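Peer 1: Take a look at the following structure, please.
The values are calculated or read from the model by the stated rules, or taken from the named source; none is laboratory data. Values in this document were obtained by computation on a predicted structure and should not be read as measured data. Positions of Cβ are generated from backbone atoms using ideal geometry, with glycine treated the same way; all protein chains shown enter the neighbour counts. Calculation scope for accessible area: heavy atoms of the full protein, side chains included, ligands and nucleic acids excluded. Shrake-Rupley method; radii C 1.70, N 1.55, O 1.52, S 1.80 Å.
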Amino acid sequence: MTVTHPSAMRLIGSRLAAALKPKPPMRVSEWAARNIVLVDGPLAGSMWSPAGAPYLVDILDCLSEDHPSQLVTVRKSQQTGASIAALAWVLYVADREPANMLYAVPGIDALRDLNSGKLQPLIDTMQRRMKRDLIAPTVSRSGAGSTTYEKVFTRGGRLWLGNANSVMDLSSKTVKKGVKDELSKWEPIPGAQDPEDLFFGRFTAFRASGDWKILEISTPEYDTGDPLGEKPGHCRIDRSFKRSDQRFWHIACPECGTMQHQRFENFRIDVAAPHRSRYSCEGCGHEISEAERRVALRPENGARWVATAPDGVRHPGFHISGFESLMMSYEAIANDYLKQSATEIGLKGFYNLVLGLPFQYRGDAPDHEKLLARREEHLSRGHVPADGLVLTAYADVQMRGIWLEIVAWASDRRSYLVDALYLGGDTDNPSGPVFERLRAETIDRRFPDAFGGERRLDALGVDAGYRQHVVAQWVRSNQTLHHETGRDLVFAGKGEDGWGRPPLGQPKLVDIDVAGQKIRQGCRLWPIGTWPLKAQIYTMLNKERVASDFTNIPHGFCHFPAWADEEYFRQLTAERLVDITLKGVSTGKKWEKMRADNHFLDCRVGNMALFEHLTAGTTEEQWKSLALLRGVPEAAREQNLFTAPAPAVEPAIEPQPYRRPPDDGERWNSRW
């Protein structure tokens, strides 16, 4: 019997062919359904399924290896499950088309949360299920393995996790794929290019071949009123969405079959019974119930993405709101609106986080006479009220003096004017008498509180828009650590125009001159997003309450004492929001002065920026702990912490007349 053996060359060739044969194309949605295990939420531990978020399928497939799109934009609300799309794509690339990737988020804390709370658990669960490693094991100090912020793909390539607010994290990398997460919160980097330009610069090596791909995903922020979204300060994700083919998830009316995407203006809220809220069909007026909505959202019942931009746009952009999410309901949307619509800040949160839309502030200037008429006799000058848990001060430095406002803040964003001063004197010397007085009125001052104790400032801001070098020297020389937190007490601030800016942005190190000696990067200068803060302040000033009712005061209400006079309120309301017009067409809004002096408005903007900076992310339990630390008795904490207090009536204080700084050079230094 003769046995025939294959030749060695044929055997080697067949093995090589099998090894080199490319894998058949696989869409990201198909790969995710086979490999992604959910790590949080009510379905944690189960496989990801398109049934839970059918609108994600097309988004994922635009990220597939054979899809021609280069830029994919997702403008979304919260609770849509969309964040899984970015993470699934990262692991798809590691498995299917190894390449270098950059995943950028704004802020180091967000970076840590992304890795420890989402990405690493997703990697661990997926690799256990696949019984093989896609990501090299994590090591502490070795270029051979992965680290916290660098994941090495076992098949080639790696993933860098970067801080979008850091030049270094967006530099010195060559990447082919990228994710711009929470894009709307990316801030300008002082002294550097725009972070989006820095990010895109990492893709230069692949510009000629055109096989790069970027996913943008974010909840929106501010709307400047520009219909094209091109005005500086406009929400970044909304700007990109407006440049895309603008796809919306359309559903069919169960009554008439009209295809439509759900808009808030057609939502009918039942205030008495939010669970009975309905959506009114654009075609026949049929009131779609929650049960009908959940059925209509399924692709098998006709739901699909529809591009609404003119033909020819090759940039896919997707809008996802709470109306499309199966994790939300009509009842939840109605409750969120009823809860948040009482304040403009809350309404902004509803637009951004539930509707997935940018928000445009109104900024109506309040009537200064109404503010003057609602002053409260019981408030004493220089005293901190019972529920004033955070104490801030902000100084506006001018040529001949310093304007100073001191404000106490409650946990529900209500504010109390504690003191307002004009400190007269030349401000050309940081060691001069006027700056000594500034320190005495702020850093060295003690403020009596409602419980017999004394309070100190939690933060002092000094505006460096005028005499920046003098202010920077004074801040450096008088920097003090907070007596409780150990952090810097004094901030040098500088207002910046534009809508897309945070209350207090990333600080810039500036050079200063001390006694003729130049100190490089001797002071941190903090940018203040003045435009959105002014809009928030005017919204708060426009809030009203029932006279003499101390139990039903709206959140964010501004309390003013009897000693504050008309000039203070004129300055506080010295600006208005006006349209920017180009050839008769409104292209946005800007702030415009109505009178020369607006110093106390600038001070209030600075004070609010400090308050937002100090209290961002503070929980109810943390507020209670702060009240305990401030010496608030237990009974007062329970009664006053989250409801406005009924204050003890104190002797009325006669308002003193306001005196303007004299024009003849005389030093003016009096309280009102």
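Peer 1: What's the angle, to the nearest 10 degrees (0 to 90), between helix 330-340's Cα axis and the longest principal axis of the chain?
Peer 2: So the helix axis and the longest Cα principal axis differ by about 20 degrees.
Peer 1: Give the residue from Leu215, Thr539, Val90 lying farthest towards the positive end of the charge dipole for the chain; charges sit on Cβ (+1 for Lys and Arg, -1 for Asp and Glu) and the dipole is referred to the Cα centre.
Peer 2: Of the listed residues, the answer is Val90.
Peer 1: May I ask for the angle, rounded to the nearest 10°, between helix 620-629 and the longest principal axis of the chain, with both axes built from Cα atoms and the value confined to 0 to 90°?
Peer 2: Orientation of helix 620-629: about 40 degrees from the principal axis.
Peer 1: For segment 114-124, in order, what is each residue's ³J(HN,Hα) by Karplus, 6.51 cos²θ - 1.76 cosθ + 1.60 with θ = phi - 60°, in whole Hz (x at glycine and Pro)?
Peer 2: Each residue's phi maps through the Karplus curve to give 4, 6, 6, x, 10, 5, 5, x, 5, 4, 4 Hz.
Peer 1: Sticking with this structure for a sec: Hey, what's the chain come to in accessible area per residue, 1.4 Å probe, Å²?
Peer 2: Numbers: 30440 Å² over 672 residues.
That works out to 45 Å² for each residue.
Peer 1: Let me ask something else. Can you tell which of Asn429, Tyr279, Val152 lies farthest toward the positive end of the dipole of the chain, using +1 and -1 charges on the Cβ of basic and acidic side chains (Lys, Arg; Asp, Glu)?
Peer 2: Val152
Peer 1: Can you work out the Karplus-derived ³J(HN,Hα) for every residue in segment 183-197? Use 6.51 cos²θ - 1.76 cosθ + 1.60 with θ = phi - 60°, whole Hz, and x for glycine or proline.
Peer 2: Values per residue, Gly and Pro as x: 4, 5, 9, 5, 9, x, 9, x, x, 9, 5, 4, x, 5, 5 Hz.
Peer 1: Determine the order of Asp113, Asp511 by accessible area, beginning with the largest, at a probe radius of 1.4 Å.
Peer 2: On the way: Asp113 100, Asp511 65 Å².
Accessible-area ranking of Asp113, Asp511, largest first: Asp113, Asp511.
Peer 1: Got a number for carbon plus sulfur as a percent of the chain's accessible area, 1.4 Å probe?
Peer 2: On the way: 15220 of 30440 Å².
The value for the chain is 50 percent carbon and sulfur by accessible area.
Peer 1: Near Leu159, within a Cβ-to-Cβ distance under 12 Å, what is the net charge of the other residues, with Lys and Arg +1 and Asp and Glu -1?
Peer 2: Numbers: positive: Lys151, Arg158, Lys173, Lys176, Lys177; negative: Glu150.
Net charge in that neighbourhood comes out at +4.
Peer 1: Would you mind telling me the antiparallel percentage of the DSSP bridges in the chain, rounded to 5?
Peer 2: Values: 50 of 95 bridges.
Antiparallel bridges make up about 55 percent of those DSSP assigns within the chain.
Peer 1: Run a plain Debye calculation on segment 70-208 (Cα atoms as equal point scatterers, no solvent) and give log10 I(q)/I(0) at q = 0.16, 0.18, 0.19, 0.21 Å⁻¹, rounded to two decimals, same order as the q list.
Peer 2: Cα-only, vacuum Debye calculation for segment 70-208: -0.86, -1.09, -1.22, -1.47.
Peer 1: If you don't mind, another one. Sorting check: for 450-463, 408-421, which peptide has the highest mean count of neighbouring beta carbons within 10 Å, and how do the rest follow? The partial results should precede the final answer.
Peer 2: Numbers: 450-463: 19.6, 408-421: 23.1.
Listed from highest to lowest mean packing, they are 408-421, 450-463.
Peer 1: How far is the Cα center of segment 282-338 from the Cα center of segment 497-511, in Å?
Peer 2: Result: 37 Å between the Cα centres.
Peer 1: With N residues in segment 147-189, what two-decimal value do you get for its Cα radius of gyration over 2.2 N^0.38 Å? Working shown, then result.
Peer 2: Details: Rg = 11.6 Å, N = 43, 2.2 N^0.38 = 9.2 Å.
Working it through for segment 147-189, the quotient is 1.26.
Peer 1: Now a separate question. Amide H to amide H, which residues 5 or more places from Glu216 or on other chains are under 5 Å from it, using H placed in the peptide plane?
Peer 2: Val72, Thr73, Val74, Lys180
Peer 1: If packing is taken as the average count of other Cβ atoms within 10 Å, what order do 211-218, 95-102 fall into, highest mean first? Numbers along the way, then the final one.
Peer 2: On the way: 211-218: 22.1, 95-102: 19.9.
Ranked by mean Cβ neighbours within 10 Å, highest first: 211-218, 95-102.
Peer 1: Would you mind counting up the charge near Asp61? Only other residues with Cβ under 14 Å from its Cβ, with Lys and Arg at +1 and Asp and Glu at -1. Present the calculation step by step, with values, prior to reporting the outcome.
Peer 2: On the way: positive: Arg27, Arg96, Lys213, Arg247, Arg304; negative: Glu30, Asp58, Glu65, Asp66.
So the environment of Asp61 carries a net charge of +1.
Peer 1: Right, another one. If amide H atoms are built 1.01 Å from N in the plane of the peptide, which residues on other chains or at least 5 residues away come under 5 Å of the amide H of Glu376?
Peer 2: Long-range HN contacts for Glu376: Phe560, Ala562.
Peer 1: Please list 240-250, 340-350 highest first by mean number of surrounding beta-carbon atoms within 10 Å per residue. Write out the running numbers ahead of the final one.
Peer 2: On the way: 240-250: 21.3, 340-350: 18.0.
Result, highest mean first: 240-250, 340-350.
Peer 1: Residue by residue through segment 281-288, what is 3J(HN,Hα) from phi via Karplus (6.51 cos²θ - 1.76 cosθ + 1.60, θ = phi - 60°)? Round to whole Hz and write x for glycine and proline.
Peer 2: 4, 5, x, 10, x, 4, 8, 6
Peer 1: How big is D, in µm² s⁻¹, for the chain by Stokes-Einstein at 10 °C and 1.306 mPa s if Rh is the Kirkwood radius over C-alpha pairs? Before the final figure, lay out each step's value.
Peer 2: Values: Rh = 28.2 Å.
It diffuses with D of about 56 µm²/s by this estimate.
Peer 1: Would you kindly state how much longer the chain becomes between His483 and Thr619 on full extension, computed as 0.36 nm times their sequence separation minus their alpha carbon distance, in nm to one decimal? Intermediate values should be presented prior to the final figure.
Peer 2: On the way: separation 136, 0.36 × 136 = 48.96 nm, distance 2.16 nm.
Residue separation times 0.36 nm, minus the Cα-Cα distance, leaves 46.8 nm.
Peer 1: Enumerate the residues in segment 317-334 having an amide nitrogen under 14 Å from the point lying 7 Å beyond the Cα of Ser46 toward its Cβ.
Peer 2: 326-327
Peer 1: Relative contact order of the chain: what whole-number percent is it, with Cα pairs under 8 angstrom and at least 6 residues apart? Don't jump to the answer; show the numbers that get you there.
Peer 2: On the way: 1338 pairs, mean separation 80.9, N = 672.
Normalised by residue count, the contact order of the chain is 12 percent.
Peer 1: For the chain, list the cysteines whose Cβ sits under 4.7 Å from no other cysteine Cβ?
Peer 2: So, Cys62, Cys235, Cys523, Cys558, Cys603.
Peer 1: Still on this structure: Taking amide hydrogens as modeled 1.01 Å from N in the peptide plane, which residues meet the under 5 Å criterion relative to Ile320, leaving out close sequence neighbours?
Peer 2: Residues meeting the amide H criterion: Arg75, Lys76, Ser77.
Peer 1: To the nearest 20 Debye, how big is the dipole of the chain about its Cα centre, given +1 on the beta carbon of each Lys and Arg and -1 on that of each Asp and Glu? Before the final figure, lay out each step's value.
Peer 2: Working: 85 positive and 86 negative charges, 576 e Å.
Computed about the Cα centre, the dipole is about 2760 debye.
Peer 1: So what's the net charge close to Gln398: Lys and Arg +1, Asp and Glu -1, counting the other residues with Cβ under 11 Å from its Cβ?
Peer 2: Details: positive: Arg400, Arg467; negative: Asp396, Asp426, Asp463, Asp597, Asp602.
Residues near Gln398 contribute -3 overall.
Peer 1: 222 nm [θ] for the chain, helices only, -39500 (n - 2.57) per DSSP H run of 4+, per residue, to 500? Before the final figure, lay out each step's value.
Peer 2: Working: 19 runs with 177 residues, N = 672.
Rounded to the nearest 500, it is -7500 deg cm²/dmol.
Peer 1: Enter the angle in degrees (range 0 to 90, nearest 10) between the Cα long axis of helix 599-615 and the first principal axis of the Cα atoms of the chain, meaning the one along which they spread out most.
Peer 2: Result, in degrees: 50.
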